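Trainee: Got a structure here, written out as structure tokens. Questions coming.
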Amino acid sequence: MTMFRYFPGNEGWSYHFAARIVNVAQLGGADFHEAHRVLEQVKVGDGEGWYHAWQAAGTRNEAIAMAAQRSGRPITARDAYLRAHNYFRTAQFFLLGRDARKREAYVRCVQNFHAALPYFDNPPELVTFPFEGSHLSGYYYRPLGAARQQHPAIAYLGGVDIISEELYFFAAQQMLQRGFGVLCFDGPGMGEPLRVRGIPARPDYEVAISAAVDYLTGRPDVDADKISLIGQSMGGYYGGRGAAREPRLRAAILWGACYDLTEDIYDFWPAVRPQVEWVIGAKDEADARAKLKAFTLKGVLRDAKCPVMVTHGEDDTLVTVKAAHKTYAELPEPKHLRIWTEAEGGGIHLMNDNRAEAVPYMLDWLLDEVNRPRGQTRFP
């Protein structure tokens with residue numbers, strides 16, 4: 001078992017701590033020892049205790065940030081706002097979707113992220129773009145240096161519970177370092193569309209992805225011939241739809257495959273059922289099963305129009321590794337499958353126990369692909 005298990009015997013809580021606190025701490029969004037002090041107050045399995053402890057931690061760091069801001073200490077303010085952002089996000093995780101506190105904690109989470117942005121060395125743009133008579137929103141991060149003039153770009157989206165702000169701590173920073181512009185956005189069933197406007201996920205997710213590509217192609221600083229897509233976790237399903245239906249994509253990475261939502265998530269990981277039901281707008285399990293029938297990549301992936309990498313952990317307990325093999329089998333060439341093992345690290349969901357190797361592996365391949373003449377590809 002390569003993942004650090006803070007709560008032996010409780011896989012879900014241990015995963016959330018290791019993946020969403022420990023990894024974020026390494027990138028400036030949390031402090032390990034502060035998190036340890038928070039969790040000393042919480043009884044394992046007590047979701048209410050979890051909420052109150054993290055909410056208090058978020059409130060404390062928010063106060064530190066505001067005091068530093070008033071005193072003209074921008075770096076201290078930025079760092080505390082980012083910790084507050086992640087602690088409020090963590091607070092709401094185990095609340096049911098229809099609990100009003102989930103939305104309230106989300107709003108405070110985003111407010112603190114926004115408060116930190118002016119103090120970034122390279123602040124992103126807050127962007128909105130048209131989507132079916134309304135809009136989607138997110139953040140556009142421009143790379144530094146000469147790449148700002150004309151650069152490749154990534155449309156980057158999460159899955160069942162990842163919000164666009166959090167993507168900054170997953171891989172957006174490493175993308176920028178490689179010269180990519182990055183659009184982190186929330187589609188239907190994610191972040192602001194779901195939590196504020198009640199817009200659920202939809203099976204034809206290529207519609208949202210095409211709206212994001214429309215936005216990117218309209219930017220004069222983006223090379224419209226070098227736009228790629230990364231979808232992670234349940235975003236592996238969304239990304240599969242995009243790779244098959246959006247012809248302007250140069251390459252795609254399914255960071256954690258998801259071929260069929262019923263088989264690969266809903267039935268494989270029963271604990272996530274209430275979250276999935278909320279995300280897709282289902283009233284109950286029966287309604288969820290009816291809606292989820294349309295959330296499959298069967299018969300879709302064969303139409304993929306760009307090189308696709310599928311990457312997955314062999315011991316993933318959230319989304320079965322079988323999803324990766326089913327996805328890969330249906331994709332046309334050129335394609336690449338990378339299964340990370342327990343022995344090397346990276347065997348858990350999204351390779352969260354070995355991002356240090358997994359993220360560079362994906363992004364270096366992607367950089368090669370977008371810079372290669374169309375029609376030529378090389379998979380490691």
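The values are calculated or read from the model by the stated rules, or taken from the named source; none is laboratory data. As the structure is a prediction and not an experimental result, all values here were calculated from the model. Neighbour counts are summed over all protein chains in view; Cβ atoms, including those assigned to glycine, are modelled from backbone coordinates with ideal geometry. Surface areas here come from the heavy atoms of the whole protein model, side chains and all, with no ligands, DNA or RNA. Shrake-Rupley method; radii C 1.70, N 1.55, O 1.52, S 1.80 Å.
Trainee: Inspect all residues belonging to the range 204-212 and state whether any of them is modelled with pLDDT of 95 or more, outside any helix (DSSP H, G or I), open to solvent by 10 Å² or more (accessible area, probe 1.4 Å) and not charged (D, E, K, R).
Mentor: No, the conditions are met nowhere in the range 204-212.
Trainee: What number of residues in the range 329-366 are open to solvent by 30 Å² or more (accessible area, probe 1.4 Å) and either among the aliphatic types (A, V, I, L, M) or at positive phi (or both)?
Mentor: 5
Trainee: Can you pull out every residue in the range 106-141 that is part of a loop (DSSP other than H, G, I, E, B) and hydrophobic (A, V, I, L, M, F, W, C)?
Mentor: PHE120
Trainee: When you scan the range 329-352, do you find a residue that is in a helix (DSSP H, G or I), among the hydrophobic types (A, V, I, L, M, F, W, C) and under 21 Å from the mean Cα position of the chain (by Cα), even just one?
Mentor: Scanning the range 329-352 turns up at least one residue that is in a helix (DSSP H, G or I), among the hydrophobic types (A, V, I, L, M, F, W, C) and under 21 Å from the mean Cα position of the chain (by Cα).
Trainee: When you go through (1) in contact with a His (Cβ under 7 Å, 6 or more places away or on another chain); (2) open to solvent by 30 Å² or more (accessible area, probe 1.4 Å); (3) not small (Gly, Ala, Ser) one by one for VAL319, which number turns out not to apply?
Mentor: Going through the list (1) in contact with a His (Cβ under 7 Å, 6 or more places away or on another chain); (2) open to solvent by 30 Å² or more (accessible area, probe 1.4 Å); (3) not small (Gly, Ala, Ser), VAL319 breaks only (2).
Trainee: So how many residues does the range 172-199 have that are of a type in the set (A, V, I, L, M, F, W, C), farther than 17 Å from GLU125 by Cα and open to solvent by 20 Å² or more (accessible area, probe 1.4 Å)?
Mentor: 2
Trainee: Hey, another quick one. Would you check which residues across the range 129-144 are open to solvent by less than 50 Å² (accessible area, probe 1.4 Å) and over 30 Å from ASP260 (Cβ atoms) and list them?
Mentor: Within the range 129-144, TYR139, TYR140, TYR141, PRO143 qualify.
Trainee: If you don't mind, there's one more thing I want to ask. Any residue at all in the range 122-137 that's in contact with a helix residue (DSSP H, G or I) (Cβ under 8 Å, 6 or more places away or on another chain) and closer than 30 Å to TRP269 by Cα?
Mentor: Yes, the conditions are met somewhere in the range 122-137.
Trainee: With the condition kept exactly as written, say whether any residue in the range 232-249 is open to solvent by less than 40 Å² (accessible area, probe 1.4 Å), of a type outside the set (Val, Ile, Thr), in a loop (DSSP other than H, G, I, E, B) and touching a strand residue (DSSP E or B) at 6+ places or on another chain (Cβ under 6 Å).
Mentor: yes
Trainee: Filter the range 281-301 down to residues that are touching a Pro at 6+ places or on another chain (Cβ under 6 Å) and surrounded by fewer than 23 Cβ atoms within 10 Å (Cβ to Cβ) and give me whichever is nearest to PRO247 (Cα to Cα).
Mentor: ALA294
Trainee: Name the one entry in ALA68, ALA56 that is open to solvent by less than 30 Å² (accessible area, probe 1.4 Å), in a helix (DSSP H, G or I) and either touching a residue at least 40 places away in the same chain (Cβ under 8 Å) or farther than 23 Å from VAL160 by Cα (or both).
Mentor: Step by step, each of ALA68, ALA56 is checked, and only ALA68 is open to solvent by less than 30 Å² (accessible area, probe 1.4 Å), in a helix (DSSP H, G or I) and either touching a residue at least 40 places away in the same chain (Cβ under 8 Å) or farther than 23 Å from VAL160 by Cα (or both).
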